[in-house]
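A short worksheet on the structure shown next.
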There are 2 protein chains.
Amino acid sequence: MLRLSTLFVRTLREDPADAEVPSHKLLVRGGYIRRAAPGIYSWLPLGLRVLAKIEGVVREEMDAVGGQEVRFPALLPREPYEASRRWYDYGPNIFRVKDRKEGDYLLAPTHEEVFTLLVKDLYSSYKDLPLVLYQIQTKYRDEARPRAGLLRAREFVMKDAYTFDVDDAGLAVGYENQRVAYQRIFRRLGLPTVIVSAVSGAMGGSRSEEFLFPTPVGEDTFVRSAGGYAANAEAVTTPVPEPRPIEGLPAAHVEDTPDTPTIASLVAIANERFPRPDRPWEAGDTLKNVVVVLIHPDSSREMVVVGVPGDREVDLARLAASVAPADVEVAEDADFTSHPELVRGYIGPSALGVNAPDPGAAPRYLLDPRVVAGTRWITGANGAGRHVFDLVAGRDFAAAGTDGQPTVEAAELREGDPAPDGSGPLAQARGIELGHIFQLGRKYSTALGLQVLDANGKLVTVVMGSYGFGVTRTMAALAEANHDAKGLAWPVNVAPAHVHVVATGKDQAVFDAAERIAQGLEGRDLEVLYDDRPKVSPGVKFGDAELLGVPFVVIVGRGLATGVVEVRDRRTGAVTEVRVDDAVPAVAERVAEALAATRIHPGEGMD
Amino acid sequence: MLRLSTLFVRTLREDPADAEVPSHKLLVRGGYIRRAAPGIYSWLPLGLRVLAKIEGVVREEMDAVGGQEVRFPALLPREPYEASRRWYDYGPNIFRVKDRKEGDYLLAPTHEEVFTLLVKDLYSSYKDLPLVLYQIQTKYRDEARPRAGLLRAREFVMKDAYTFDVDDAGLAVGYENQRVAYQRIFRRLGLPTVIVSAVSGAMGGSRSEEFLFPTPVGEDTFVRSAGGYAANAEAVTTPVPEPRPIEGLPAAHVEDTPDTPTIASLVAIANERFPRPDRPWEAGDTLKNVVVVLIHPDSSREMVVVGVPGDREVDLARLAASVAPADVEVAEDADFTSHPELVRGYIGPSALGVNAPDPGAAPRYLLDPRVVAGTRWITGANGAGRHVFDLVAGRDFAAAGTDGQPTVEAAELREGDPAPDGSGPLAQARGIELGHIFQLGRKYSTALGLQVLDANGKLVTVVMGSYGFGVTRTMAALAEANHDAKGLAWPVNVAPAHVHVVATGKDQAVFDAAERIAQGLEGRDLEVLYDDRPKVSPGVKFGDAELLGVPFVVIVGRGLATGVVEVRDRRTGAVTEVRVDDAVPAVAERVAEALAATRIHPGEGMD
């Protein structure tokens, strides 16, 4: 039994100064976690109990799909990560360590490499496959901006699973099994999630999907169409229009366009002084050239220019996903000094990429996929107060620079944009990424030489998948999904206790009765948090019960004189009076019902 | 059920090349663990199961003494460890990390500082105490020489507990509770341990004891007397003789002593040419001056000379414990170049410490406690082939250098040396340190400002204890204690399974019967490892069963024709035949009996 008189917990009335989102505020205020450093948390007894329960659900569902639990080190040598290039690709995002002999180590963000090596070490035949391994383990990522408590931490708990198959068909089965396991986990936790297509980033591989918990506090933007398309905004590709005939288009002409600080003012002047015969100029006819800096994994900075239709902003997250493993920053004044030919506000294609007088020295020029051959644009003419009109893509300018990336997904998505699969207009929302599953294919097995003999005695490269699940982040998502203004309201199967017994007042009979009820509930294998603090006011006790969020609260107090206690449902606030002698069986029954509702049948899971 | 046809394990016939001790060899050969880097291991499914069971026992006994489980980060910021000085004192023994903002972090070896800070953060009154917190967590130590598998690893699992009390009497109770909990844990694990007095090293604090598992492969030397004294060799103090009268002793005289490369040859020449009237010269009358180098936490090297009676060697481990937090190395040729006055083989007090012509420039001179005033010695005269006779301590020379440490425990212990408490002669043995408990006192609470209000409203500094338990190391000790030439032989309560069912031959009926028995045992809540591999020879299967070490092995094979199966006791090798229909209840009963034998009563524990 957890007794509040001795339990290592202190509730706080004030939100912690650094907390922005409800889960962060409430988990700290409720004494579940405590900040040790930016993005690094200590787990107090109540927090550890919730975490263990989430881990338990994850473990059961991993075991159910044939997963075998292992545990790998967090501290790993550089070599395998060098073979996969991730030592470089992760750049400043991993913690690097030197040992006393100057050997290079890292704190692993995920473990593809060492799982691959271990399977290579132990297995050699197709008969050994398929194989599903997983671990629940502490992971590290040196986030640039740790925030929101457990939502973006630098030390966190993940379940990471890996499948090993002899062919793509096997991978498809392993991937689907994990996908179902994730759906079952989230259903058991009562956490709604959306499965969206994703980009695989530094992980490599082909198909990948994310499990997002939709919430405005989420960092990920995702889109959905009525026709069933769903993707992380970073993974959405722009439908590329058909090229148009260039012949017959007017010649480009440079014009003075003073006082055009905005796209709108430029469009207004264009319509006033150079009207189109067919329709008015629109913002989408202007080509906006945005200067950004790519930070490559070796920390080198490269200035590039991104051209997007003037009616859209550049979405740095989408751009970053397109140029991974590089990171993206907005260009600063200092970045412009080495390129005096770029006149800010009037940057145009003639100074960029292959169009520049010296393409080798000019910034790379990356274009939105909508800028196909034959489209005509108003854009900067590389002189203050001057724009060029009727600049035609494929005739007057082209994308790319020295390494020839032709187009880039950098423009923001908009409500109503068409889904890339033609399934209708897109709606946008935000969410928290809780799971991410990848069909890795042969990236790691090729890099590290994992092959087995097939049925014909021929060596084949093993096909892999990897499946991440944010355990601590899921705890934060559960807090986001289950709270109100007063505090947390845990689902019964992850709550730190099933029942919170509160003794109020100073009457010894109250404490005796509360103790008996708490003992009785524990005798029925329920987990009980008992507020036995002798000199704490009922108001403080009720406030703590609401903050801590145990699903059923039994209040023993004044009613005892007439032989009753109150049972409160934390979530609904509903209060029922029960006879003190019936309290134990009545509460036990409600807990049992609530727990039963969280169970799902073995075959269940597919959406 | 664990099926060997799919279980992620491969047994090895050969010992791994880097393995010296049985636990290391067998845990790797049995597929329990696998090396990922020096001193860093991956845990395979069987290893993780054993580890979890050991953790379970530790958790139960910690909970039984009021411990509350929490979990702290492994990655911690420098500041608290700077306040306690451990950031410096640990020198190269901790892994240090810089984050992307050049902030200093470490991978914690233990967590005194952050536990202290958290209690300071949450608690403020004597009413909140006593408090017992613990965690079971992955820890890091950058060992100079990781070796012996889990016995000296760089990443390992520890249980670390901390007690917080308002006074010394409270600490004594908390310390005793942990001590009993440790005794109960080891008793439940069937692991004999010796409790010895210890030195606290970089931890600070006063009383401390170690729990050692006695084994010749252990790295720690400990001593015991028949009268009940027991200590780590590093903690043994030498009884200091009474000073003797100086008056009347002969004057020192320097003599040519050619051809005296050894103590024995020096003693022989002394007896031949300068005989004592009272008794012959002995090796113990010579004063051997050994040059060593202290490596201070800031990595600076200091040459010092240690003077010990010539009949004893310098024990570097004992010396290191005496000069902690400095480490000790044998002096190399290069170290001598800055001290040409030291003539190797003939070094004597006249060139050392306070006796030197320029004491500030001379090496510090640390003396064995036996070198009390009035003792007379033969020792080097700082010239090739020359020794000084009748050099009298307190008259002709003294210990120490600039910082005045007078004596040092550096001489080796010998079988039969007197116990410091007068309880009789000491016997020596070796052991593995599995637990180490410390009365920290106020070291950390003072450094970090942990105070509470006492009953009189006065601020008092909290008194702390810390209690380490090597979980992964205990697994290795269990393997050391439970193996034979053929493999492991786990105690039933930590074995990866209770029963190993082996189906031999090619007969489908055998596999059907074995499957039924395995299912039947599992139906009785036993953990079953079933060797269902279809094309593996009985010899290989038996060999694997003996290597893996599950305590009960059921062999289903030829006997099936006459309706019997064999039940083998892994440890004794005893084989009994049982009717196939009785196999499940018969084996279940034996497992239940074996498990019952590992249970101890709530009050048990004290030795």
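All of the numbers you see were taken from the coordinates with simple rules; none came from a lab. Treat the numbers as computed from the prediction; the structure is a model and nothing was measured. Neighbour counts are summed over all protein chains in view; Cβ atoms, including those assigned to glycine, are modelled from backbone coordinates with ideal geometry.
For region B:159-173, in order, what is each residue's ³J(HN,Hα) by Karplus, 6.51 cos²θ - 1.76 cosθ + 1.60 with θ = phi - 60°, in whole Hz (x at glycine and Pro)?
Computed from phi, the couplings for region B:159-173 are 9, 10, 10, 9, 10, 10, 9, 7, 8, 5, 5, x, 4, 4, 5 Hz.
Rounded to the nearest angstrom and ordered from largest down, what semi-axes does the equivalent ellipsoid of the protein assembly as shown get from its C-alpha gyration tensor (root of 5λ)?
On the way: eigenvalues 738, 369, 237 Å².
Square roots of five times the eigenvalues give 61, 43, 34 Å.
To the nearest 20 debye, what is the magnitude of the charge dipole of region A:253-392 about its Cα centre, counting +1 on the Cβ of each Lys and Arg and -1 on the Cβ of each Asp and Glu?
Working: 12 positive and 21 negative charges, 77 e Å.
Dipole magnitude for region A:253-392 comes out near 360 debye.
Arrange B:Ser322, B:Ser124 by Cβ neighbour counts within 10 Å, fewest through most, would you?
Details: B:Ser322 20, B:Ser124 14.
If I rank by nearby Cβ atoms, fewest first, I get B:Ser124, B:Ser322.
Which of B:Ile246, A:Ile347 has the fewest other C-beta atoms within 10 Å, and how do the rest follow up to the most? Display every interim value, and only then the final one.
Values: B:Ile246 15, A:Ile347 25.
Starting with the residue having the fewest Cβ neighbours, the order is B:Ile246, A:Ile347.
Consider all pairwise Cα distances in region A:253-392 and report the whole-number % of them above 26 Å.
On the way: 2265 of 9730 pairs.
That tail contains 23 percent of the Cα-Cα pairs.
Give the share of C-alpha pairs in each 5 angstrom bin for region B:47-144, from 0 to the last occupied bin, in whole percents, shortest bins first.
2, 11, 18, 18, 18, 14, 12, 5, 1
Which whole-percent values make up P(r) of region B:558-607 when all C-alpha to C-alpha distances are grouped in 5 Å steps starting at zero?
Bins of 5 Å from zero give 4, 17, 20, 19, 13, 9, 7, 5, 3, 2, 0 percent of pairs.
Find how much the distance from B:Leu459 to B:Lys98 grows on full extension, using 0.36 nm per residue of separation minus their present alpha carbon separation; answer in nm with one decimal.
Details: separation 361, 0.36 × 361 = 129.96 nm, distance 3.71 nm.
Gain on extension, B:Leu459 to B:Lys98, equals 126.3 nm.
Sum -39500 (n - 2.57) across every DSSP H segment of at least 4 residues in the protein assembly as shown, then divide by the residue count to get the 222 nm mean residue ellipticity, nearest 500. Don't jump to the answer; show the numbers that get you there.
Numbers: 28 runs with 304 residues, N = 1214.
After summing the helix terms and dividing by residue count, I get -7500 deg cm²/dmol.
In degrees between 0 and 90, to the nearest 10, how far off the longest principal axis of chain B does helix B:471-481 point, with axes built from Cα atoms?
Tilt of helix B:471-481: around 80 degrees.
Out of all DSSP beta bridges in region A:490-597, what portion is antiparallel? Express it as a percent rounded to 5.
Details: 9 of 18 bridges.
DSSP beta bridges in region A:490-597 are roughly 50 percent antiparallel.
Counting only the backbone N, which residues of region A:345-383 are under 13 Å from the spot 7 Å out from the Cα of A:Arg244 toward its beta-carbon?
Hits in region A:345-383 for A:Arg244 at 13 Å: A:370-378.
Taking every DSSP beta bridge that has both residues in chain B, what percent is antiparallel when rounded to the nearest 5? Walk me through the intermediate numbers first.
Numbers: 94 of 117 bridges.
Bridges in chain B that DSSP calls antiparallel: roughly 80 percent.
Give, to the nearest whole percent, the P(r) tail of region A:92-201 beyond 20 angstrom, counting all Cα pairs. Could the numbers behind the result be given before it?
Numbers: 3492 of 5995 pairs.
Result for the distance tail: 58 percent.
Could you work out how far the C-alpha centroid of region A:446-460 sits from that of region B:470-537, in angstrom?
Cα centres, region A:446-460 to region B:470-537: 31 Å.
Treat each spin label as a single point 7 Å out from the Cα along the C-beta direction, and report the A:Val354 to B:Ile600 distance in nm.
The modelled label-to-label distance comes out at 8.0 nm.
When DSSP assigns beta bridges and you keep just the ones with both residues in region A:253-392, what percent turn out antiparallel, to the nearest 5? If you can, show how the numbers build up before the last one.
Values: 22 of 28 bridges.
Of all bridge pairs located within region A:253-392, approximately 80 percent are antiparallel.
In nm, to one decimal, how far is the modelled label at A:Arg10 from the one at B:Arg524, with both set 7 Å along Cα→Cβ?
Modelled inter-label distance: 5.3 nm.
Restricting to Cα atoms and excluding each atom paired with itself, what does the Kirkwood estimate give for region B:281-343 in Å?
Taking every pair of different Cα atoms in region B:281-343, averaging 1/r and inverting gives 12.7 Å.
Sort all Cα-Cα distances of chain B into consecutive 20 angstrom bins from zero, then give the percent of pairs in each bin up to the one containing the longest distance.
Histogram of Cα-Cα distances, whole percents per bin: 17, 40, 30, 11, 1.
Where the eigenvalues come from the Cα gyration tensor of region B:490-597, what are the semi-axes √(5λ) of the equivalent ellipsoid, largest first, in whole Å?
Taking √(5λ) for each eigenvalue gives 20, 15, 12 Å, largest first.
Hull surface divided by four, with the convex hull built on the Cα atoms of region A:440-500: how many nm²? Walk me through the numbers on the way to the answer.
Numbers: hull surface 29.9 nm².
Average of the hull's projected areas for region A:440-500 equals 7.5 nm².
Could you line up B:Lys127, A:Lys120 from fewest to most neighbouring Cβ atoms inside 10 Å? Mind dumping the intermediate values first?
Details: B:Lys127 13, A:Lys120 17.
Going from least to most buried by this count: B:Lys127, A:Lys120.
Gain in length, B:Arg78 to B:Ala561, computed as 0.36 nm per residue apart minus the alpha-carbon separation, to one decimal in nm? Kindly include the intermediate steps, with their values, before the conclusion.
On the way: separation 483, 0.36 × 483 = 173.88 nm, distance 6.94 nm.
Length difference between fully extended and current span is 166.9 nm.
Using C-alpha positions alone, give me the convex hull volume of region A:387-466 per residue in cubic angstrom.
283 Å³
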